[in-house]
Amino acid sequence: MSEEQEMRRAALVTGGGRGIGRAICLALAKAGFDVCVNYASSSAAAEQTAADCRALGVQAITQQADVTDPAQCQSLVEGTAQTFGRLDVLVNNAGVTADKLILRMKEEDFDKVINANLKGAFFCSKTACKLMMRQRYGRIINLSSVVGLHGNAGQSNYAASKAGLIGLTKSLAKEFAARGVTVNAVAPGFIDTDMTAAMSDAAKTAALGTVPAGRIGRAEEVAQAVAFLASEEAAYITGQVLCVDGGMGM
């Protein structure tokens, strides 16, 4: 990249308004990236995240898009690149859950999670890769989960989607490594988010019992891992899964 390009780098974070996505946006902004905060429905949260990014001295915009729609994904990625002049980093963070034991899980429960968590990353990555190939530079970071590595009762759909992201990550890494594009995954463990806040005290206690570090993780700790993989220092790292789980997956 030229000196000017290094000075103005741009990132797109899907599902960037809240939770881990918000923390990722802020971490990238601190690292000097202009940021597009994607959201599906929570416009107020996305606008606040963008405002907080701008307070760190970078440009930040919001863009609504449903990642289950390929046309909207294409517009999202291309719109980000058009606004900032380029797209250096894509973080596929948007995701949903629909937890049920498989005997109670309906086909629509399975499809809902696969469509958002896995196909959304496929749609966004497909468009981003075209742009990054032309630049001969790019970083794609997929948010997987320890559940995708080890499974979890009652989350067969979620685990399948997150395991699928790992396969997608490794395949794209092989396809684009020679073009200067790295593709990696981050697999969070038990992290303090709105999702975990809704768990019962008993469920939280049980989950903590599986974490050797003995505490719940912070969204900022996941975000720092993403920011590292988005950096120049990670240029020779591709096709990898970085677990941020306090040892949960050992």
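Values quoted throughout were computed directly from the atomic coordinates according to the rules given, and no laboratory measurement underlies them. For clarity, every value in this text was computed on a predicted model and none was experimentally measured. Glycine gets a Cβ as well: all are built from the backbone with ideal geometry, and neighbour counts include every protein chain shown.
Leu101 meets the conditions (1) assigned to a helix (DSSP H, G or I); (2) surrounded by fewer than 17 Cβ atoms within 10 Å (Cβ to Cβ) in every case but one. The failed one is (1).
Total residues in the range 157-209 satisfying the condition of being touching a residue at least 40 places away in the same chain (Cβ under 8 Å), polar (S, T, N, Q), in a helix (DSSP H, G or I) and under 21 Å from Val244 (Cα atoms): the figure is 2.
Of all residues in the range 126-156, those satisfying the criterion of being assigned to a helix (DSSP H, G or I), farther than 18 Å from Gly95 by Cα and among the basic types (Lys, Arg) are Lys130, Arg134.
A single member of Gln74, Gln63 is in a helix (DSSP H, G or I) and surrounded by fewer than 24 Cβ atoms within 10 Å (Cβ to Cβ), and it is Gln74.
Scanning the range 123-151 for residues that are surrounded by fewer than 23 Cβ atoms within 10 Å (Cβ to Cβ), touching a helix residue (DSSP H, G or I) at 6+ places or on another chain (Cβ under 6 Å) and under 30 Å from Thr210 (Cα atoms) turns up Val147, Gly151. Here is the figure for the range 10-24: residues that are buried (at least 24 other Cβ atoms within 10 Å of the Cβ) and either under 8 Å from Ala219 (Cβ atoms) or not small (Gly, Ala, Ser) (or both) total 7. Residue count for the range 193-246 under the criterion of being hydroxyl-bearing (Ser, Thr, Tyr), over 21 Å from Leu28 (Cβ atoms) and out of contact with any Lys or Arg (no Cβ under 8 Å at 6 or more places or on another chain): the result is 3.
Checked against the criterion of being under 26 Å from Val241 (Cα atoms), more than 14 Å from the chain's Cα centre (by Cα) and not in a helix (DSSP H, G or I), the range 34-52 contains one or more residues that satisfy it.
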